[in-house]
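Novice: Before we start, here is the structure in question, set down as structure tokens.
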Amino acid sequence: MKDKDFAFFKELVETPSPSGFEQPAQRIVRRELGGVADEVRTDVMGNVIARIGGQGEDLPRVMLAGHCDEIGFMIRYIDEGGFLYFAPIGGVDAHLVPGQRVTVHTVGGPVLGVVGKKPIHLIDPKDRETVVKFKSQFIDIGVSSREEAEKIVAVGDPATFAVGLERLQGDRVTSRAFDDKMGAFIVARILQEVRRRGPAPVELYGVSTVQEELGLRGGTTSAYGVNPDVGIAVEVGFATDVPDIDKKEAGETKVGAGPILARGANINPALFELLLRVAREEEIPFQVAGAPRATGTDANVMQVSRGGAATALVSVPLRYMHSPVELLCLADLENTVRLLTGLLYRIESRQAFIPN
């Protein structure tokens, strides 16, 4: 990955964007696409929609979607001692939260806090294996009273894990929020590549969607507005190359082995076959995952929006999803950009995806 692309990726991932509070990240997306797309706009939900016109007449309309929202927390109550009680935004694992550093994002700026936990010495042996419920967890920002806390934070402020992107060995990196700011990054990079190569035979819409973690909400509204013929969700997928995952149930997918192509009811068969052809012709490594029912991604809502769309789900293998230490391989990102950029130049017509 080029240095400038890595800098964009790191900035986007580290910028806070819990569901419902995505605009700091969306401002970065708009900045990166402002000089690339023919049009960049933001809808009332907060989705950023960028368009690049294609070459030809009556072109199929293609929508690429990656959601920019991340899991997090929301402050619900401040007690007399100044401790902040919170609820999860999205699917946060309660096991992971006690003992973590967090950042509360306030009107006045970021405020560092810690999620306190009773010392193990003071926990009854029978309770040491019990998950502490969210309603019993709290954030300590280092004050002594409600009055002090309310000068700094407010009910409704969001919070995120206080970690950023770090390099591990080789081209493997770790951070919070790869799910799915990685997808929004890939979509932006594809638009940059199309601008560099020249017009594709499609009307291209790249969308950084919002509130996916709360039920595919931004994907639903943006797909209705764009009304694509082809919709492709760019997401993270479960990497199963770690201990204690049953491959008979979850399939076999590996970090560094290329993008994951979903196959199943949510996926248009002709579009899936075209993705396979592009990968083979371009010598791009890929993996296949079975998806026997509707996926929990923006591909689901794009498929059934209005009169329907030919949909696909292309995922980057990710370890430790929805944790502060998500892990992926940068080469998988680059190969996903190559695959989907190549696909755009091979789409012949919207009729090509209608079943025979």
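The values are calculated or read from the model by the stated rules, or taken from the named source; none is laboratory data. All values reported here derive from a predicted model rather than from experimental measurement. Here Cβ is always computed from backbone atoms with ideal geometry, including for glycine, and neighbour counts include all displayed protein chains. Side chains are part of the model used for accessible areas, which takes the heavy atoms of the whole protein and leaves out ligands, DNA and RNA. Shrake-Rupley method; radii C 1.70, N 1.55, O 1.52, S 1.80 Å.
Novice: Residues that are at pLDDT below 95: which helices (runs of 4 or more DSSP H) entirely in the stretch 245-311 hold 1 or more of them?
Specialist: 247-250
Novice: Within the stretch 1-40, can you find the residues that are part of a helix (DSSP H, G or I) and among the polar types (S, T, N, Q)?
Specialist: Gln23, Gln26
Novice: Looking only at residues in the stretch 122-149 that are free of Cβ contacts under 8 Å to residues at least 12 places away in the same chain and basic (Lys, Arg), which one is least open to solvent (accessible area, probe 1.4 Å)?
Specialist: Looking at residues that are free of Cβ contacts under 8 Å to residues at least 12 places away in the same chain and basic (Lys, Arg), I get Arg128.
Novice: Moving to a separate point now. Regarding the stretch 192-213, can at least one residue be identified that is assigned to a loop (DSSP other than H, G, I, E, B) and open to solvent by 60 Å² or more (accessible area, probe 1.4 Å)?
Specialist: yes
Novice: Here is a list: Ala250, Ala233. Which entry is within 10 Å of Met63 (Cβ to Cβ) and out of contact with any Pro (no Cβ under 7 Å at 6 or more places or on another chain)?
Specialist: On the way: Ala250 fails: within 10 Å of Met63 (Cβ to Cβ).
None of the other options fit; the residue is Ala233.
Novice: Quick one: how many residues across the stretch 135-173 are at pLDDT 95 or above and under 29 Å from the mean Cα position of the chain (by Cα)? Show your work before the answer.
Specialist: Restricting attention to the stretch 135-173, the residues satisfying the condition of being at pLDDT 95 or above are 137-173.
Those still in the list that are under 29 Å from the mean Cα position of the chain (by Cα) too: 137-141, 153-173.
Of the residues in the stretch 135-173, 26 are at pLDDT 95 or above and under 29 Å from the mean Cα position of the chain (by Cα).
Novice: Hey, can you tell me all the residues within the stretch 41-52 that are closer than 18 Å to Leu204 by Cβ and either open to solvent by less than 50 Å² (accessible area, probe 1.4 Å) or assigned to a helix (DSSP H, G or I) (or both)?
Specialist: Asp43, Asn47, Val48, Ile49, Ala50, Ile52
Novice: Identify, from the list Ile347, Ile284, the residue that is aliphatic (A, V, I, L, M), touching a Gly at 6+ places or on another chain (Cβ under 7 Å), closer than 19 Å to Ile190 by Cα and open to solvent by less than 20 Å² (accessible area, probe 1.4 Å).
Specialist: Result of the check over Ile347, Ile284: Ile284.
Novice: Out of the stretch 80-135, which residues are in contact with a Ser or Thr (Cβ under 8 Å, 6 or more places away or on another chain) and not in a loop (DSSP other than H, G, I, E, B)?
Specialist: The answer is Ile89, Leu96, Val102, Thr103, His105, Pro110, Val111, Leu112, Gly113.
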